[in-house]
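J.: I'd like to ask some things about the structure below.
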């Protein structure tokens, strides 16, 4: 096919969810309202078995329904091995003007976003993606009637048969919180005032919509435009910030910010006060043993993930070294969290003795951040 005859780039809207009915409602809305759109639905078939089911459909019915093996039962593998090649093939057919990608339940959007932006896979796959596909938007489909408990409860994915493998120990809340952060549109039909307030505290500003997908129409779902830079900044711990939603209906957010590092031992002592209960928190911290490294903080659904997010000067979210946690709670005492944060930091007296004395010392965070190296940088 000549360059002049090449079909236009196919815009792809990705849908994430932890609730099958919410995802299916978005799919049905597109199938009923957009006959020139194609839907590609992926599901992990048999957790731990490395199988992926791909169903392709449009307004005329099901076009493909196949199960394909994966090297590993993970979303990044599904993106690389099946999702991108299938979408490129559909784009080259030139039959549809838009595509809706219904991701496996409990998927996190980052691997898909990177893939559709040409950042995943080898050079040949990158060229194919850039020449055929574009990311139109990311939609988080949420059951508004259960959103509060889904985010703040302690259910694990395997308790709802949503796990992606035998070693998938994620909670429903932490996955849903990450889906919200990565979405250009949050569909939350049935959300009452409290649920909507909580979602507005956690999602990108202006993205939450409590109307039914059927009321919005396919155009509203498919015509959102993804802002890669805004999405990366919102998810990067270096650039963490509150959404600006007002505290109301028992929902509050604390923006805890201090230039000082956390004391390794005291931070471990206060982990429960900072992360347990009906809380969702994210942010960054630094330790005097690792002054060059950003410690990433991500907690929800009774789970806390701590990891190394790289150096402070990483782009596009380079930040001045500081400790900042944004914690949202419902019917919890914010003073408990604020006091635990303050108690976790180095005191003025400890700072006066200098940071050099921390160089090379074990800090107890090796299982999460790796070994401490001699110069204090992880």
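Nothing in this text is a laboratory measurement; each read-out follows from the coordinates by a stated rule. Given the structure is predicted, the values throughout are model-derived calculations rather than measurements. Please note: Cβ atoms are built from the backbone with ideal geometry, for glycine as well, and neighbour counts cover all protein chains shown.
J.: Report for the chain the percent antiparallel among DSSP-assigned beta bridges with both residues inside it, nearest 5. Before the final figure, lay out each step's value.
T.: Numbers: 43 of 65 bridges.
Rounded to the nearest five, the antiparallel share is 65 percent.
J.: Please give the contour-minus-distance gain from residue 24 to residue 119: 0.36 nm per residue of separation, less the Cα-Cα distance, rounded to one decimal in nm. Spell out each step's value before the answer.
T.: Working: separation 95, 0.36 × 95 = 34.20 nm, distance 2.82 nm.
Net length gain for the segment: 31.4 nm.
J.: Take the Cβ-Cβ distance between residue 320 and residue 76 as r, set R0 to 25 Å, and report the resulting FRET efficiency rounded to the nearest 0.05. Walk me through the numbers on the way to the answer.
T.: Details: r = 32 Å, r/R0 = 1.27.
It comes out at approximately 0.20.
J.: For segment 112-254, what is Rg from Cα atoms divided by 2.2 N^0.38 Å, rounded to two decimals?
T.: 1.14
J.: In addition: I need two numbers for the chain: Rg to one decimal and Dmax as a whole number, Cα atoms only, in Å.
T.: Rg, Dmax (Cα atoms, Å): 21.9, 73.
J.: As a check on your grasp of the helix formula, calculate [θ] at 222 nm for the chain: sum -39500 (n - 2.57) over DSSP H runs of n ≥ 4, divide by the residue count, round to the nearest 500.
T.: The helix-only estimate for the chain comes to -8000 deg cm²/dmol at 222 nm.
J.: Angle check, please: helix 123-132 long axis (alpha carbons) against the longest principal axis of the chain (alpha carbons), in degrees 0 to 90, nearest 10.
T.: Result, in degrees: 60.
J.: What ranking, highest mean first, results for peptides 107-113, 233-239, 51-57 when packing means the other Cβ atoms within 10 Å averaged over each residue? Before the final figure, lay out each step's value.
T.: On the way: 107-113: 22.9, 233-239: 19.7, 51-57: 17.9.
Per-residue mean Cβ counts within 10 Å order the peptides as 107-113, 233-239, 51-57.
J.: How long is segment 223-336 along each principal axis, judged by its Cα atoms, biggest number first, in Å?
T.: Ordered largest first, segment 223-336 gives principal extents of 49, 37, 22 Å.
J.: For segment 191-284, what's the radius of gyration and Dmax over Cα atoms, in angstrom?
T.: Here Rg and the maximum Cα pair distance are 16.8, 53 Å.
J.: Pop a pseudo-label 7 angstrom from the Cα along the beta-carbon direction at both residue 97 and residue 272 and give the gap in nm to one decimal.
T.: Calculated label separation equals 5.9 nm.
J.: Now a separate question. I need to check one value: relative contact order of segment 308-378, counting alpha carbon pairs closer than 8 Å and at least 6 residues apart, in percent. Mind dumping the intermediate values first?
T.: Values: 25 pairs, mean separation 14.7, N = 71.
21 percent.
J.: In percent, how large is the relative contact order of segment 239-369, given Cα pairs closer than 8 Å and 6 or more residues apart? Could the numbers behind the result be given before it?
T.: Working: 235 pairs, mean separation 46.1, N = 131.
Here the relative contact order equals 35 percent.
J.: Run through every distinct alpha carbon pair of segment 10-235 and return the Kirkwood hydrodynamic radius in angstroms, one decimal place.
T.: On the way: mean 1/r = 0.0575 Å⁻¹.
Radius from the Kirkwood sum: 17.4 Å.
J.: In percent, how large is the relative contact order of the chain, given Cα pairs closer than 8 Å and 6 or more residues apart? Provide the component values of the computation, followed by the final result.
T.: Working: 839 pairs, mean separation 56.6, N = 378.
RCO, the chain: 15 percent.
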